[in-house]
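Input: a single structure, listed below in structure tokens.
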Amino acid sequence: MSDFSPPGTTAEERVAAAGRMNPVTALRGIFAAIEWKAFAAILAIFLAAFYLPVGTPRFDNAVMESLHLVKWYAREHVVLCLVPAFFIAGAIGAFVSQASVMKYLGPRAPKPLAYGVASLSGTVLAVCSCTILPLFAGIYRMGAGLGPAATFLYSGPAINVLAIILTARILGVELGVARSVGAVVFSIFVGLLMHLIYWREEQRKVEAALAMPEPPETRPLYQVIVYFAAMVAILVFANWGKPDSTTGLWHAIYSAKWLLTAAAAAVFAVTLVLWYGARLGKVVAGAALTIAAAVAYPHEPMVPFLAGTLGLAFVTMEPDGDLAEWGRLTWGYAKQIIPLLLGGVLVAGLLLGRPGHEGLIPNAWVEGAVGGNSLVANFFASIAGAFMYFATLTEVPIMQGLMGSGMGKGPALALLLAGPALSLPSMLVLRSIMGTRKTIVFVSLVVVLSTVCGLIFGNT
Amino acid sequence: MKKLAILGTGCAKCVQLAHNAEEAAKAAGVAYELEKVTDINQILSYGVMTTPALVIDGKVASMGKVLPVDDIKKMLS
């Protein structure tokens, strides 16, 4: 006879429970025994499959659009743009001293400096959105205070290195620059406004001493600059877009882009060996592989580029030290972000289709809600962005889909500014850090400023 | 017995650090107690701003990175 009692009970407890049996406990017992969660999941999947609208043109088309979009991303953006971006983000984590930035966000930092640093430090301090909230809490309670903390919170997600690179690449340089500049400038406004609104209030400073990260061995600044410049140059030249005209500087660079990329790569390799302790043998092997690939596939630059990337990965595979840390961080970002981006692309493709095509959502709806540059469109985009959750970088394919379906560039910027910084879950965490009222004020400021930014940008 | 605490809001990096810490403790043959602190106010009380962070016997051992198993092992022995 089957036993319907909850698992983990002793015989005595079951007897006692039987004595207390009533409909509620009986039902509870049945629920616990029949794995109702598993059953509900299977039922849901079955119903979805049963009612799947395969065969309706809109749905089939949307699925194809989703797949087309994934393929396009894989072909156009992953090797030449996303992979170098991961290496750059990893390098920032491994080689840029977080400590020297954080000291400007401490309790004794001069306030104007704190605001400036807070608005820019997102590039250096936080690539992962999960580190932004603890940092915000720290700056608010133990560091420079509510103003700079709010500044950091608004600008951080918008100016992390990966976000800038991917936005510029996929949504265009104009929007990439507008997003970054808008986030930085208006973050200072947000911070100052928060500070002004609450300046009479005394902040409860937590009693702990601020645990500063250890200062690393200092590397001469020029080395860091050349190293990063070389990496950025590789990224920029490899992705140099084809201009419409066939004359002028832009076109000249475009014709020579792979030579320029190779030159930057050579400089990069030299810095690795000279200043960053890379093993000469490994670097030479990587370079040889790249050159061999370039000779073997002279018309497909992605192949030697990929070979170079593999060579670089090989160089970072050390047992210990800064290079190994760089490799680990880079790989960590790749593991974390690629699945999210893939998911975002599939969903964006399904719902919105490629630019110029339709997905499940008709273009007319998108145009009606957020087309043009009206106040309503900007405001709607801003509010929707504030509440929607965007995993790191997923805002880019979703924005691309929306813009391709008729969203105006003003509302696009509004969404880009409000979206990544906030979401319903993050608002709840913020509430636990600074209370309901301040959270409402902050969210309102973000929505209003994003709307304004969008309106201004939409009219340029 | 070493008291290990992982400070973090629960993203993949914190999970990885917790895993590495446990591996290191087992490899070092050290008796340990592992606690995961996810509440932001509690994290702040350690004076930590960058997560994930590792706390050994009440002292902050590292902040803002996922330490590899070997590094943690060295700290525990």
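The values are calculated or read from the model by the stated rules, or taken from the named source; none is laboratory data. Since we're looking at a predicted model, the values are computed, not measured. Positions of Cβ are backbone-derived with ideal geometry, glycine not excepted, and every protein chain shown enters the neighbour counts.
The single condition from (1) within 30 Å of the chain's Cα centre (by Cα); (2) farther than 26 Å from B:G10 by Cβ; (3) more than 14 Å from chain B (Cβ to nearest Cβ) that A:F86 fails is (2). Can you name every residue in segment B:51-64 that is of a type in the set (G, A, S), in contact with a helix residue (DSSP H, G or I) (Cβ under 9 Å, 6 or more places away or on another chain) and either surrounded by fewer than 22 Cβ atoms within 10 Å (Cβ to Cβ) or in contact (Cβ under 8 Å) with a residue 60 or more places away in the chain (or both)? Across segment B:51-64, the qualifying residues are B:A61, B:S62, B:G64. Among the residues of segment B:19-40, those that are assigned to a helix (DSSP H, G or I) and free of Cβ contacts under 8 Å to residues at least 24 places away in the same chain comprise B:H19, B:E22, B:K26. Considering only residues in segment A:374-393 that are under 13 Å from A:A421 (Cα atoms) and of a type in the set (S, T, Y), the one that is surrounded by the fewest Cβ atoms within 10 Å (Cβ to Cβ) turns out to be A:Y389. Listed conditions (1) touching a helix residue (DSSP H, G or I) at 6+ places or on another chain (Cβ under 6 Å); (2) part of a helix (DSSP H, G or I) are all met by B:M75, apart from (1). Among the residues here, A:Y104 does not qualify as assigned to a helix (DSSP H, G or I), surrounded by 22 or more Cβ atoms within 10 Å (Cβ to Cβ) and of a type in the set (F, W, Y). One residue stands out among those in segment B:1-18 that are in a loop (DSSP other than H, G, I, E, B) and within 14 Å of another protein chain (Cβ to nearest Cβ): the one that is surrounded by the most Cβ atoms within 10 Å (Cβ to Cβ), which is B:G8. Apart from one condition, B:I43 fits all of (1) modelled with pLDDT under 85; (2) part of a helix (DSSP H, G or I); (3) surrounded by fewer than 19 Cβ atoms within 10 Å (Cβ to Cβ); the exception is (3). For segment A:425-457, a tally of residues being under 17 Å from A:F136 (Cα atoms) and either touching a residue at least 12 places away in the same chain (Cβ under 8 Å) or within 14 Å of chain B (Cβ to nearest Cβ) (or both) returns 18.
Could you say whether any residue in segment A:54-74 is free of Cβ contacts under 8 Å to residues at least 60 places away in the same chain and buried (at least 21 other Cβ atoms within 10 Å of the Cβ)?
Quick first cut of segment A:54-74, residues free of Cβ contacts under 8 Å to residues at least 60 places away in the same chain only: A:54-57, A:60, A:64, A:71, A:74.
Among the residues that remain, those that are also buried (at least 21 other Cβ atoms within 10 Å of the Cβ) are: none.
Taking every residue of segment A:54-74 in turn, none turns out to be free of Cβ contacts under 8 Å to residues at least 60 places away in the same chain and buried (at least 21 other Cβ atoms within 10 Å of the Cβ).
Here A:G176 passes the criteria (1) within 14 Å of the chain's Cα centre (by Cα); (2) within 14 Å of chain B (Cβ to nearest Cβ) except the one numbered (2). Taking segment A:313-339 as the range and being more than 10 Å from every other protein chain (Cβ to nearest Cβ), among the aliphatic types (A, V, I, L, M) and over 20 Å from A:V161 (Cβ atoms) as the test, the residues that pass are A:V315, A:M317. Checking each residue in segment A:380-425 for being under 18 Å from A:S444 (Cβ atoms), among the hydroxyl-bearing types (S, T, Y) and in contact with a Ser or Thr (Cβ under 8 Å, 6 or more places away or on another chain) picks out only A:S382.
Evaluated against (1) surrounded by 15 or more Cβ atoms within 10 Å (Cβ to Cβ); (2) modelled with pLDDT of 85 or more, B:L67 falls short on exactly one condition, (2). The sole residue among A:I132, A:I170, A:I165 that is assigned to a helix (DSSP H, G or I), modelled with pLDDT under 85 and in contact with a helix residue (DSSP H, G or I) (Cβ under 9 Å, 6 or more places away or on another chain) is A:I132.
Assessment of segment A:435-443 against the conditions (among the aliphatic types (A, V, I, L, M) and buried (at least 23 other Cβ atoms within 10 Å of the Cβ)) yields no matching residue.
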